[in-house]
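Novice: Sending over a structure as structure tokens; questions will come in a sec.
The values are calculated or read from the model by the stated rules, or taken from the named source; none is laboratory data. Every value quoted in this text rests on a predicted model; they were computed, and no experiment measured them. Cβ sites come from the backbone with ideal geometry, for glycine too, and all protein chains shown count toward neighbours. Surface accessibility is based on the protein's heavy atoms, side chains included, excluding ligands, DNA and RNA. Shrake-Rupley method; radii C 1.70, N 1.55, O 1.52, S 1.80 Å.
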Amino acid sequence: MNAQRKFCLQLVAFVLLGAGSLAALAHSIDYDPRRSTELRACDDHRNHGRSNEAKECYRSLLNDSNNLVAQAEAAWALNDIDRANRLFREAAEGDQRSAQPRVRWGWLFLDTHQHADALKLFDEALQIAPEDTYARLGMAHIYAERFEGESRTLIDQLLKQDDQLIDAHLLAARMALEEGRLDDADKSLDRAAKSADRQKLPPLEIYSLRAVLDLARADTRRSPVASNEWVARALAYNPHYGKVYEELAHFEVMRRRYREASALLQRAVEIQPDLWSAHAELGVNLLRFGDIEAARQQLVSAYSGDPYSPTTVNTLRLLERTGEFEVVTSSVALPALPGGDQKRVDLRVRLNRKESAVLAPYVAELAGDAIATFSQRYGFEPNQPITVELYPDHDDFAVRVAALPGIGLLGVTFGYLLAMDSPSGRTVGDFHWGTTLWHEMAHVFTLEATDHRVPRWLSEGISVFEEWRTGPTPGVVVVPEALMALRDGKFLPVAELDAGFIRPQYPSQVQVSYMQAGLVCLFIEQRWGFDRLSALLHQFTRDTSTQAAIEATFRMPSAEFDKQFDAFARARYATTIARGEEWQKLYQAVRKAVQEEHSADAIGPARQAIDIYPGYVANQSPYELAALALEKAGNAEEAIAVLLQYRKVGGWEPEALRQLVRLLDGVGRTAEANEVLIAINYVDPLNAQQHAQLGERLLAAGSAPDALREFQVLLALDGHDTALANFGLARAYSALGDKVTSRRRLLDALASAPHYKPAQDMLLQTIGERNRNE
């Protein structure tokens, strides 16, 4: 459906929460009581940072032990992954009835980012021993890394069986921290600490998560990490434990505080140079600032120690192709804020060389409009250049933002840098690239105006709200899944709405959370006015919580705010919710009538469906089907009215808009048709026929500068008529008074098509004019 194509949220939580920081979840201490006692002395050296002694100890075990699993563990500790893999395989094959070799082998695969193989081994172990705790813990870790809700369910089950599982408490604490449930994290860490003390196991991971908890609770500008008690304890226990800084950085990335994360990761690799996951995350994080060479250095270091990481491998491959891109720069004038002078901000558009000339004019214009709009609406002037990157290969974009190909996202913002799919990265009509750019540009302002303190729900909510209110396709579009969630009482309290983006509990919850966040912003605007929404955003220029910000902005408890929002949303969509089944039947009847070419039978049900659910504008919406049926019935004016309503509520399917252009032309409404045709460029900008048509129309309308742009884009496109493009340019330059360039373009047209009569006629005309002037 339409809005699903806009957001493509299958993996949004995973990416936005820092895909590159998955190593922060890696297992570094083995809490399984079945671990061989032979390893304990070596583990003690490692856990206290005595690296040389630990290596010597593990080497001795590798050479002298008769226990294959212990040998495999020793090889793993020495980073000899191939040998560890062979030894685990030999141990598993040698004892078909033992789960333990398979469990530990699975953890090796988990540590080397091979989740499918890890899950297979954990499953094999559970077939042998259905209650094996550490096989199930391994599965829970994988679900947690994927931000899947099953992880919490599995951990709860494990802890009901055995409340002494340190790793389970640690994973529960980690998930609670990610979701902002700080008190729950505190309780889980208390239980983990008591169990670790009772079992005399290292407290390092507990200290690291305690440091994160303190960071989440504190104003870090008054309480810097350097003075964090738990960091000090971790380093006293192990002076080379870079993991404590990597853990802190992981959570700073989740909070989108990338500058702070970089400083922490730099410290991590300084005190533990072989912490390859931290090198990888530092490289990915540096790319968020566009620092390509520094990022490359860190990623090369990471690959030297961990060649299995898809984050590292994929990103290095992408960096090999940086020469395929070029940067187009411009300057955007900002509206003068009250009491200030007008300022400008640099805009850098990074595009593939093959499509730079085609896309740059539209990207720069739309990005400039967004910058000016948001600067005025939110009272914030960017103080750094803004970079916009478009990727024609979707997998390149996916690797750029998440280091993993195949994700479903359309765009991601890191602050002053945003990256997104180019229109050529997807099938025409699959997404509205102009709306995606507008959405991401709103993030630039909500993040930077609050120094990245804004909660996820509000940043996403404002971006969705601005799509609806000020974007290229204005209109409040709410998908059926969100309305069903509203009907079923699945909307979250606003103070807990971030959780809906992080670890969804049902398949469509991330998308529902986007819709709910946008509706919260719409509610604020309609109940109190837009200025109050801006005021809520600015509550986060200091460290505060959603609950405190709501109470300060609206002078009511957050529970009362939730109650009023719920009443607003239910009133707004009362008809759609109450008549949802009727709408489904009407919609199916319309589709069937159109498919069977009974157009007259489609018109009535389509109009009824529109009345019940006016915001449904997905592909093959009732609007589009009604317009086709009305045109076929010879009722052009009513078809136009339906399609204009479709546009007003947020519809943008290119074929529907082209039908509207044709119908408007048919009744002489040329200026409106031109406006609609221009709008299609923000869906389908690579269509040569469209640029040729639009260029001609703009020339006829006396808009020579815009016509010039269209013919320049036409010339830059592959597989087009160069004579036609140059002839259009000649006429546009002539209309602008540039006779010299006009003549040059006219000759270019004739060079490629010597018998092109319109160009011949124009050449004769210009020669005649030149002779008369002489």
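Novice: Kindly provide the set of residues from the stretch 152-184 that are surrounded by fewer than 19 Cβ atoms within 10 Å (Cβ to Cβ) and β-branched (Val, Ile, Thr), ordered by number.
Specialist: Thr153 - this is the single residue of the stretch 152-184 that is surrounded by fewer than 19 Cβ atoms within 10 Å (Cβ to Cβ) and β-branched (Val, Ile, Thr).
Novice: So Thr446 passes all but one of these: (1) modelled with pLDDT under 95; (2) under 22 Å from Gly340 (Cβ atoms); (3) of a type in the set (Ser, Thr, Tyr). Which condition number does it fail?
Specialist: In the conditions (1) modelled with pLDDT under 95; (2) under 22 Å from Gly340 (Cβ atoms); (3) of a type in the set (Ser, Thr, Tyr), Thr446 misses (1) alone.
Novice: Further question on the same structure: So for the stretch 299-320 (the condition being buried (at least 24 other Cβ atoms within 10 Å of the Cβ), without any contact (Cβ under 8 Å) to a residue 40 or more places away in the chain and under 30 Å from Pro392 (Cα atoms)), does at least one residue qualify?
Specialist: There is at least one residue in the stretch 299-320 that is buried (at least 24 other Cβ atoms within 10 Å of the Cβ), without any contact (Cβ under 8 Å) to a residue 40 or more places away in the chain and under 30 Å from Pro392 (Cα atoms).
Novice: Applying the selection to the stretch 185-202, what residues are open to solvent by less than 10 Å² (accessible area, probe 1.4 Å) and under 35 Å from the mean Cα position of the chain (by Cα)?
Specialist: Listed by number, the residues that qualify are Ala185, Leu189, Ala192.
Novice: Which one of these is outside any helix (DSSP H, G or I) and open to solvent by 20 Å² or more (accessible area, probe 1.4 Å): Thr373, Thr329?
Specialist: Thr329
Novice: Name the residues in the stretch 176-186 that are more than 11 Å from Phe251 (Cα to Cα) and part of a helix (DSSP H, G or I), would you?
Specialist: Once the filter is applied, which keeps residues that are more than 11 Å from Phe251 (Cα to Cα) and part of a helix (DSSP H, G or I), the stretch 176-186 yields Ala176, Leu182, Asp183, Asp184, Ala185, Asp186.
Matching residues to (1) in a helix (DSSP H, G or I); (2) under 39 Å from the mean Cα position of the chain (by Cα); (3) not hydrophobic (A, V, I, L, M, F, W, C):
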site	(1), (2), (3)
Asp43	yes, no, yes
Asn52	yes, no, yes
Ala70	yes, no, no
Glu73	yes, yes, yes
Arg83	yes, yes, yes
Leu87	yes, no, no
Glu90	yes, no, yes
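Novice: Of the conditions (1) outside any helix (DSSP H, G or I); (2) open to solvent by less than 30 Å² (accessible area, probe 1.4 Å), His240 fails just one. Which one is it?
Specialist: (2)
Novice: Quick one: is Leu418 crowded, with 20+ Cβ neighbours inside 10 Å and either aromatic (Phe, Trp, Tyr) or in a helix (DSSP H, G or I) (or both)?
Specialist: So Leu418 does not fit the description; no.
Novice: Continuing with the same structure: When the stretch 113-132 is examined, which residues are found to be buried (at least 18 other Cβ atoms within 10 Å of the Cβ) and in contact (Cβ under 8 Å) with a residue 60 or more places away in the chain?
Specialist: His113 - this is the single residue of the stretch 113-132 that is buried (at least 18 other Cβ atoms within 10 Å of the Cβ) and in contact (Cβ under 8 Å) with a residue 60 or more places away in the chain.
Novice: Can you tell me which residue is least open to solvent (accessible area, probe 1.4 Å) among those in the stretch 735-768 that are in contact (Cβ under 8 Å) with a residue 24 or more places away in the chain and part of a loop (DSSP other than H, G, I, E, B)?
Specialist: Looking at residues that are in contact (Cβ under 8 Å) with a residue 24 or more places away in the chain and part of a loop (DSSP other than H, G, I, E, B), I get Ala753.
Novice: I've got another one for you. It is to be established whether one or more residues within the stretch 260-276 are closer than 19 Å to Leu171 by Cβ, modelled with pLDDT under 95, open to solvent by less than 50 Å² (accessible area, probe 1.4 Å) and part of a helix (DSSP H, G or I).
Specialist: Looking for residues that are closer than 19 Å to Leu171 by Cβ, modelled with pLDDT under 95, open to solvent by less than 50 Å² (accessible area, probe 1.4 Å) and part of a helix (DSSP H, G or I), one finds none in the stretch 260-276, hence no.
Novice: Residues in the stretch 484-501: is at least one closer than 21 Å to Glu381 by Cβ and of a type in the set (Gly, Ala, Ser)?
Specialist: Checking the stretch 484-501: not a single residue is closer than 21 Å to Glu381 by Cβ and of a type in the set (Gly, Ala, Ser).
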